[in-house]
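To start, the structure under review is shown below, and the notes come after it.
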Amino acid sequence: SYHDRIPLEDDYEVVQARTASLNSRNGPINTQVSSLPAPWTIGSGWAPEDSYKFSLDPDDEWFDEALDANVDDIMEEIIAPRVKNKRIIRSEGRGDFAREQQCPDCMSRGNQGASTAQFRCQDCFLPDLTCGGCFIRRHKLNPFHNVEVKLHSKSKAFSNFVTTEMERFAFRTDHLLRRRLYPATQHKVRTCVTFALLKLLHLFSLMGKVSTYDMYRTIERLTNNSGVQMPKPRYRPTMRCLNQWRHLKALKRAGRGHDPEGAAGTSNGELAIRCPSCPHPGINLPEKWTQAPEDKRYLYMALICMDANFRLKNRLNSNLSVDPGLWNGMAYMALRDPYEKYVLSQADEEDISTCVGFQALAKATTQNTRGLHYTGVGAALPLIPKFHEPAHLEKGHEQYSFNLAEGIGLADGECPERLWGSHNPLAGSTRSMGPGTRNDILDDNFGHWNWLKYSSMGGSILFNIRIALLTMVHYVSEDEVQRQLGSDESEMLRATGRAPLHQTSASSFLVMGLELEEAKRRLKMFAAEQEKIPKNLRTSALRDQRKILKEKIQNWEAVRLVYMPGVLQIQTDLGRNPTALWNSDPNPEDVHLWLPSEIPSAKRNAACIEGLPEMELRLRTAQCGSSLQGLRQALRIKTRMIYFKNKNIRGQRGGTRSRSIIDRVHRRAIGFVQKYRAARQAKLILEGPGTWEQTYRELRNEDIRGFASGKPKKAPLRRASESESDPDLDAQEGGPVGPPRKKRKLGTGETRKQLSWIWQTLPLSMSSEDDDDILRAEWARSRARVRRASEEVMLVREEMRRVLEFLSWRSVWWEEKQYARSGVDSEMKEGIRAYAIEQAALQQTLEASFRQLYETPLAHVDD
């Protein structure tokens, strides 16, 4: 057929092969040559070989292969598919107890007439079957387990049998509470909720911000998910129990149960959790803190922030007479009567907003507020928080900036925003609540938020001290950088004391060489730009510039023979004769100039006249300073142009023109970068390493940036409103330059900005015209960042001390509560004492844990 193999006359069907191997000494072992069939002879055609593995049904060839196979042959193992032992459906029947007809409990007690085993508990660990009497006997201490009746292959689930029996009796409230059952009413109790369920619902509502209705429907569906014969709705009693449970837990944790006056004696805000790091006179402040020096008073200052959340609104679907609430000023929400009076007194006032981006106050008095009890929740510092600062008007930014205010440290003033971010999910569920219940829910959630901060304050403050220490040490090392240039630029030349060898002096010769070197760099950049243009559109400008530069280099080389006579011999030894070089018609920008810095140090003195390398060294030093000064000036001009373009220029025409001007300044800055790198490299060759490297550092790509290092995150902009970025530039003509992109956004970055060293090195000479206001402002900001970092270290240390003092005081406070209440029975006294000891132990545990965390960082910080 078409695919059959064509027989060949030559013996191509046999391949001579030898097995190669090595002995223990890595020597070859001689083996005999053997004949093997060629691989292309296997099979009678090019079509793939038939295989029984592709068949759906096995044939008898498998059995014949097994009989004819040798003992050494390895048969292919057929692996059966893995069976997944998932027997969830098996538990729907009687399972392992299907053969048990009689009650095992009756048989174990020796009852002759054992009853039929048909009752099974769905909540017990052992799912065996018992009779009804034994089932009740087992669950006397577990009355809320669910019973299921198994009748051979049929089963039926019943309601809780204990609940059915409880409906016959009347219980006192204290009896129910002793059994950890919370009654929904004080008289004629018909509904109770277990303490365990209340704890679960409470934590779910705090952690997941789940509404009570959703949680109740979930429990209802756990009882019966069929939708048929649903249990009686108990949503309102459950919600009432949960609201009371929240309030009672807050009273209990605040120690009101240990006070003889009880809940009635609770003062305003007493249920709020105090911040351990905040200053509390008489608790965690030194005795003479009011007499602290002027420069230390900020350590005992309380930082108060104010913000409003207009998502947490409340509809006019109820009133305070129907739903007064339970907390009413005991925690975080203000006391109702004074607050309402103040609101009425300010009803005619108009809010004055200085906010541009956030129209919070403007929207607070719009038509969207009709039919609302409250338009939001307001949670006072005369400073603008760092995140809100860009959205406010520019007037007064320096006066109200956290970065410049004394005694603030690295605080950002955005603590309310973190609170709102966690509690915005409550907006949907609290919008339709009554005013009292809504305030209770918010108080409870705010308390939970404060407790999370309270218990995790060890790690959070430890993080702050580490950031503050790193920032302070970093800025101090930056402040110690040498700012002076090594020598005076005005003294470029020095008299040689000899008769001139040429009409062009040695210093002029070197100046011409440096100018040619710079001209070569400019021509290379121009040639690279011309390469991007199609050949049919190119002009003769590149050819003309190359011709001019070639003539200048040839004229300069004639003078080089006078001041550098040994260069010709070096070129001859290296096979770079200048005559042959120019005959090959090279591009002049690629020609080697052979300045003293380009000659090996062993041959430099022999190739040059005396004092010529020292002259170039002085010129290179001056060149480093002038190129740095030119680079700074170019960056300043580009910065101002970008700010002007982003603020004033719109449209494609204006944007294109301004972009072309900025690009020209950009190319000029690149030229200064290349000039500095060449000058520094030559200075390093001529002088070698030394202290001058502290002034003229290596200019890396990330050092070439504007006044600050941090790049703003580029937000997605519209096509017609594209803004320029930070004035970083590409020093390598195509490679990305600038500070590394931050992987994690840690705020605005103002406190972590740092000036590049090119802005910290003083210029060689600076006239009044060169004095730049922007540099003075950036120097002042850098100084402010250093001071804020130092203040943050002191503030965090003080916070650590205050936290430990507060926890110690709180522990003693709870220990004193053990015997604060009298006139109660012994059982109540024991409960009061046990809870006080438990809370005191909790405070001691937190104190010990925090103290262990604080010891290491505090041990390395000097006062």
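Derivation of every value follows stated rules applied to the coordinates shown; laboratory data play no part. Quick caveat, the model's predicted, so the values are computed rather than measured. Using ideal geometry, Cβ is built from the backbone for each residue, glycine included, and neighbour counts are taken over all protein chains shown.
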Along the range 329-336, what does the Karplus equation 6.51 cos²θ - 1.76 cosθ + 1.60 (θ = phi - 60°) give for ³J(HN,Hα), rounded to whole Hz, x for Gly and Pro?
x, 6, 10, 9, 6, 5, 4, 5
Amide H within-cut-off set for Gln102, under 5 Å, with H built and near neighbours excluded
Ala117
For Tyr182, the residues 5 or more places away or on another chain with a placed amide H closer than 5 Å to its own amide H are Val193, Thr194, Phe195
Search the structure for amide H atoms under 5 Å from the amide H of Val15, placed 1.01 Å from N in the peptide plane, and list their residues when 5 or more places away or on another chain.
Leu36, Ala38
Just add up the charged neighbours of Tyr696: K/R +1, D/E -1, any other residue whose Cβ is under 10 Å from the Cβ of Tyr696.
+2
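Please compute the net charge surrounding Leu303, taking Lys and Arg as +1 and Asp and Glu as -1 over other residues with Cβ under 11 Å from its Cβ. Provide the component values of the computation, followed by the final result.
Details: positive: none; negative: Asp412, Glu799.
Value of the local net charge: -2.
Net charge within 12 Å of Asp96 by Cβ-Cβ distance, Lys/Arg positive one each and Asp/Glu negative one each, not counting Asp96 itself? Walk me through the numbers before you get to the answer.
Details: positive: Arg87, Arg90, Arg94, Arg99, Arg120; negative: Glu100, Asp128.
Taking every other residue near Asp96 into account, the sum is +3.
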In order through the range 292-299: 3J(HN,Hα) via Karplus (6.51 cos²θ - 1.76 cosθ + 1.60), integer Hz, x for Gly, Pro
5, x, 4, 7, 10, 5, 5, 5
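If you build the Cα gyration tensor of the range 779-859 and take the root of 5 times each eigenvalue, what three semi-axes come out, in whole angstrom, biggest first?
Numbers: eigenvalues 362, 31, 9 Å².
They are 43, 12, 7 Å, listed from largest to smallest.
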Protection proxy ranking of 504-515, 595-606 - average other beta-carbon atoms within 10 Å, highest first
504-515, 595-606
Given +1 on the Cβ of Lys and Arg, -1 on the Cβ of Asp and Glu, and no further charges, what dipole in debye does the range 504-610 carry about its Cα centre, rounded to the nearest 20?
320
When the distances between all Cα atoms of the range 504-610 are binned every 10 Å from zero, what whole-number percent does each bin get?
13, 42, 31, 11, 3, 0
In the range 504-610, taking the dipole from +1 charges on Lys and Arg beta carbons and -1 charges on Asp and Glu beta carbons about the Cα centre, the listed residue (Leu561, Pro596, Gly513) farthest towards the positive end is Gly513
Rounded to whole Hz, the Karplus (6.51, -1.76, 1.60) HN-Hα couplings of the range 614-628, x for glycine and proline:
5, 5, 5, 4, 5, 5, 5, 4, 5, 5, 4, x, 5, 5, 5
